[in-house]
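None of the figures in this text is laboratory data; all of them are computed from the coordinates on show. Note that the structure is a prediction, hence the values are computed from the model and not measured. In this analysis, Cβ positions are derived from the backbone assuming ideal geometry, glycine residues included, and neighbour counts consider all displayed protein chains.
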Amino acid sequence: MSERLEDIAAAMVADGKGLLAADESSGTIKKRFDVIGVESTADSRRDYREMMFRAKVAMTRYISGVILYDETIRQNAADGTPLVDIIKATGAIPGIKVDAGAKPLAGYPGDTITEGLDGLRERLANYYKLGARFAKWRAVIDIDVAKGVPSATSIGSNAHALARYAALCQEAGIVPIVEPEVLMDGAHDIGTCYEISKATLTKLYTELYAARVVLEGTILKPNMVLAGKKSGKPSSPEEVAEKTIKLFRETVPAAIGGIAFLSGGQSDEEATANLNAINAIGPHPWKLTFSYGRALQAAPQKAWSGKAANVAAAQAAFAHRAHMNHLAALGKWQPELEQAA
Ligand code: 13P
């Protein structure tokens, strides 16, 4: 594979392929395992992720890359093969989460700032040696308008950190996924999500230019524009698609390597239906695909439930979700295809 940043970025959003976000921190994966009654240990986390990476049809046909957590990029499969090698053998690219999480922003209750810049140059050099060719940094922007959240300071600080991270990645030969996630947890309407996302993306691209980041060698991992979960007014796929594309046309340069959405708490099918609606109203200046965590893993996680005997069923569940999202990335998904499973 070519090592040019823009080629790696292009491979990450190759037609009908998307990213598997399997970079849950040990704290987050424990929460997921609690739900299925599995104890979270280094071995159970390994077994679970190995199950997905060895799902050959799903990986080779639908997955362009996998975002790993620090533990996983260093871990071996049960038979001693490095997990990174199993991923590479499917043709997918290993990637790595490098941020250290969102922490409360001093002076701004309700806002967070993502940490992890100190020592990042050295960590990136090490991750490159371990096989990572792209990285992820997630900024978290919550919405609570009555409380003044997010503040301009939070948006500005997070955009600046994303730009410093992205510049360091490119220096290391690693494609940065820039993820400014505007959360869907609030009670806000879809128009508010649009406004806050617009302020965030505008600031982000100003900072990326100022940091001399080469946009062709970046991938944007955005939220879709939708009403908050607590609004009680779910947005239709058509509305999500129309507002999301309007937003991107106003704020996202055509030069970037591509767009890979987060799922952010949407149900599996919602995340697929919305991605499909977005691509169905194309053509667009960018490739738009998935970089889903929960929306790809909820079904296989449940099917697996920590039992070796369930591995084949879990892999089938993963393959189905990946297949549906592959179709959505091409704008060719239909609800009836879900029943076929
Ligand atoms: P979700 O798709 O579950 O939001 O996770 C994607 C991700 O990587 C968030 O940083």
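Descriptive notes on the structure:
- For GluC sites (Glu not before Pro), the sites in region 101-198 that DSSP calls loop and that have at most 16 other Cβ atoms within 10 Å are E115.
- Here the gap between L117 and Q339, fully extended at 0.36 nm per residue and compared with their Cα-Cα distance, gives a gain of 75.4 nm.
- R0 of 30 Å, Cβ-Cβ distance K229-D15: FRET efficiency to nearest 0.05: 0.40
- Electrostatic bookkeeping for A125 treats Lys and Arg as +1 and Asp and Glu as -1; over the other residues with beta carbon under 14 Å from its beta carbon, the sum is +2.
- Considering all different alpha carbon pairs of the chain, the Kirkwood hydrodynamic radius works out to 19.9 Å.
- Note on region 163-231: Cα-only Rg and Dmax are 14.0, 43 Å.
- Ranked Y62, Y69, criterion: other C-beta atoms within 10 Å, fewest first: Y69, Y62
- Which of I113, I29, I219, I177 has the fewest Cβ neighbours within 10 Å, and the rest in rising order: I113, I29, I219, I177
- Over region 248-341 - Rg/Rh using Cα atoms and the Kirkwood inverse-distance radius: 1.04
- With neighbour counts taken as other beta-carbon atoms within 10 Å, the residues S236, S263, S305 rank, fewest first, as S236, S305, S263.
- For K229, the lysines whose Cα comes closer than 19 Å to its Cα, not counting residues fewer than 8 places off in the same chain, are K147, K243.
- Residues considered: A163, A271, A106. Largest GNM mean-square fluctuation over the chain, using C-alpha springs under 10 Å, is found at A106.
- Region 38-104: GluC sites (Glu not before Pro) in DSSP loop, at most 13 other beta carbons within 10 Å: E39
- Value at 222 nm in deg cm²/dmol, rounded to 500, when DSSP H runs of n ≥ 4 in the chain each add -39,500 (n - 2.57): -14500 deg cm²/dmol
- With coordinates expressed along the principal axes, the C-alpha atoms belonging to region 124-205 extend over 46, 20, 17 Å, beginning with the largest.
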